[in-house]
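In what follows, a single structure is set out as structure tokens and then discussed.
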Amino acid sequence: MNSPARIRTEVPGSRVRDDLPKLLALIGHYTTGLYSPYRVKRVFIKYAVRNVFIPLLLQSNNMSDKQFPEPCVGILIFNPENKVLLIKSHKWRDKYCIPGGHIELGEKIEDAIRRELREETGLEVYDIRFLQVQENVYDDAFYKKKHFVFLDYTAKTKSKDVKLNEEGQEYVWVTLKEALKMPTHKFTAKVIDVMEFAAKNQAVLFT
């Protein structure tokens with residue numbers, strides 16, 4: 001008596017393309033003895049890699065590309081004449097601003113302050129004190145669409161000799177009252193307003 005013909009489902013391992021019904025059919029054939037355990041294992045691994053592990057890896061990579069707000073420091077510097085430093089910058093649409101920049105990964109805030117001031121002004125500072133926190137959420141004041149979290153500080157310097165880098169076009173030393181009349185962007189203007197209020201009311205800044 002001839003054995004019944006074996007009906008082979010079209011599921012060779014190299015052709016499994018995200019096809020769960022075919023995989024289930026293959027497992028069914030294995031239970032009836034049509035396919036070897038090795039073949040079922042090979043096809044199942046290929047299916048799992050294509051449909052489980054690769055999608056999870058892609059999802060993980062997408063998570064690593066997620067963007068977050070950028071923490072930055074801003075520093076209102078006082079020279080020995082009690083004047084503050086304002087810098088005109090093309091990044092702030094040619095308006096005056098206080099120096100500052102990003103806090104780098106693994107960097108302490110005070111270290112970021114000193115580094116940014118050396119890079120942008122060539123100045124060394126002391127008596128660094130916290131002033132306030134501000135947020136820039138895609139504001140047009142900056143030349144790029146950014147979400148900044150500003151940590152604003154005050155500091156003192158013993159020098160008036162400023163060496164600008166490529167970010168600054170010109171600078172001025174002015175009193176707080178004069179600074180209020182300067183064409184500053186809104187975030188620097190807020191720093192000056194808060195400092196002017198603190199000076200008038202003899203407020204003590206946080207150290």
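The values are calculated or read from the model by the stated rules, or taken from the named source; none is laboratory data. Everything numeric here is computed off the predicted structure, so don't read it as measured data. Note that we place each Cβ from the backbone using ideal geometry, even for glycine, and neighbour counts take in every protein chain shown. Side chains included, ligands, DNA and RNA excluded: accessible areas come from the protein's heavy atoms. Shrake-Rupley method; radii C 1.70, N 1.55, O 1.52, S 1.80 Å.
May I ask which of 83/186; 66/160; 144/190; 108/186; 66/156 have a Cα-Cα span longer than 30 Å here?
66/160; 66/156
Expressed in whole Å with the largest first, what are the equivalent ellipsoid semi-axes of segment 105-189 derived from the C-alpha gyration tensor as the square root of 5 times each eigenvalue? Please report the intermediate quantities before stating the final value.
Details: eigenvalues 84, 68, 41 Å².
Those come to 21, 18, 14 Å.
Just flag the trypsin sites (Lys or Arg not before Pro) in segment 124-176 sitting in loop per DSSP whose Cβ has no more than 16 other Cβ atoms within 10 Å.
Answer in residue order: 144, 145, 146, 158, 160, 163.
Normalised by the residues of segment 116-207, what does the relative contact order come to in percent, with Cα pairs under 8 Å and at least six apart? Could you put the intermediate results ahead of the total?
Values: 104 pairs, mean separation 29.4, N = 92.
That works out to 32 percent.
Could you tell me which of 182, 168, 122 has its Cα farthest along the dipole of segment 64-186 towards the positive end, charges placed at Cβ (Lys, Arg +1; Asp, Glu -1), taken about the Cα centre?
Highest projection toward the positive end goes to 182.
Counting other C-beta atoms within 10 Å, and keeping those with at most 14, which DSSP coil trypsin sites (Lys or Arg not before Pro) do you find in segment 166-206?
181
Residues with beta-carbon under 12 Å from that of residue 107, excluding residue 107: net charge, scoring Lys, Arg +1 and Asp, Glu -1?
Values: positive: 108, 114, 115; negative: 104, 110, 111, 116.
So the surrounding residues net to -1.
Counting only heavy atoms of protein chains, what accessible area per residue, in Å², does segment 60-205 have with a probe of 1.4 Å? Numbers along the way, then the final one.
On the way: 8470 Å² over 146 residues.
I get 58 Å² per residue for segment 60-205.
Could you put 70, 124 in order of accessible surface area, largest first, with the 1.4 Å probe and the full protein assembly present?
Of 70, 124, the descending order of accessible area is 124, 70.
For segment 145-152, just list the computed ³J(HN,Hα) in residue order, Karplus coefficients 6.51, -1.76 and 1.60, θ = phi - 60°, integers in Hz, with x standing in for Gly and Pro.
7, 9, 10, 9, 10, 8, 9, 8
Which value, in debye to the nearest 20, gives the size of the charge dipole of segment 114-161 about its Cα centre, when Lys and Arg are +1 and Asp and Glu are -1 at the Cβ?
The dipole magnitude comes to about 140 debye.
Considering the dipole of segment 82-141 built from charges on the beta carbon (Lys and Arg +1, Asp and Glu -1) around the Cα centre, which of 84, 137, 98 is farthest to its positive end?
Final value for the positive-end residue is 84.
For residue 181, go through the aspartates and glutamates and keep the ones whose alpha-carbon is under 16 Å away, minus same-chain ones fewer than eight residues off.
94, 193, 196
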